[in-house]
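The values are calculated or read from the model by the stated rules, or taken from the named source; none is laboratory data. Keep in mind that what you see is a predicted model, and the values were worked out from it rather than measured. Please note: Cβ atoms are built from the backbone with ideal geometry, for glycine as well, and neighbour counts cover all protein chains shown.
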């Protein structure tokens with residue numbers, strides 16, 4: 001079942017994560033307006049994942065419960081496409097790819113199998129909003145939320161540095 005979540009226009013504060021029926025299943029708290037970091041919570045308010053840029057790094061670190069490292073996202077050089085790689089530390093390395101002018105992304109595992117897919121959706125809210133569907137359980141949907149918002153943070157950082 002797909003889930004929906006969004007970035008915040010001002011890059012700080014909480015936003016909801018909803019299922020297809022509009023039921024709130026968690027939320028994201030974008031921690032800082034100036035430095036990208038966030039936390040993903042379940043519906044009861046328990047922290048599931050944290051995402052942030054380590055000091056002087058362009059990579060996005062994903063931390064699980066107890067601040068254990070869950071994975072790392074990095075941008076890959078690509079011509080006429082958008083490519084990222086997520087190393088889920090022992091659970092596989094995933095490629096996140098989209099054609100250059102598309103809002104549809106595919107997430108594939110090392111064997112080329114679809115693990116998840118997401119797209120930016122318009123009309124739901126003004127800031128970036130996403131529709132995510134997962135197809136495997138190796139990386140859960142709440143972890144993908146943290147990864148996808150990290151991808152958005154990497155893209156924003158690249159735009160501001162140019």
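What the table below lists for this structure:
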quantity	calculated
Residue among 84, 118, 101 that is more than 16 Å from residue 2 (Cβ to Cβ) and free of Cβ contacts under 8 Å to residues at least 40 places away in the same chain	101
Residue in segment 88-96 that is in contact with a helix residue (DSSP H, G or I) (Cβ under 8 Å, 6 or more places away or on another chain) and touching a residue at least 60 places away in the same chain (Cβ under 8 Å) present	no
Among (1) in contact with a helix residue (DSSP H, G or I) (Cβ under 9 Å, 6 or more places away or on another chain); (2) farther than 24 Å from residue 75 by Cβ - the single one residue 20 does not satisfy	(1)
Qualifying residue in segment 132-146 (condition: in contact with a strand residue (DSSP E or B) (Cβ under 9 Å, 6 or more places away or on another chain), free of Cβ contacts under 8 Å to residues at least 12 places away in the same chain and within 22 Å of residue 30 (Cα to Cα))	yes
Candidate set: segment 92-122, residues that are modelled with pLDDT under 95 and not in a strand (DSSP E or B); chosen: the one surrounded by the most Cβ atoms within 10 Å (Cβ to Cβ)	103
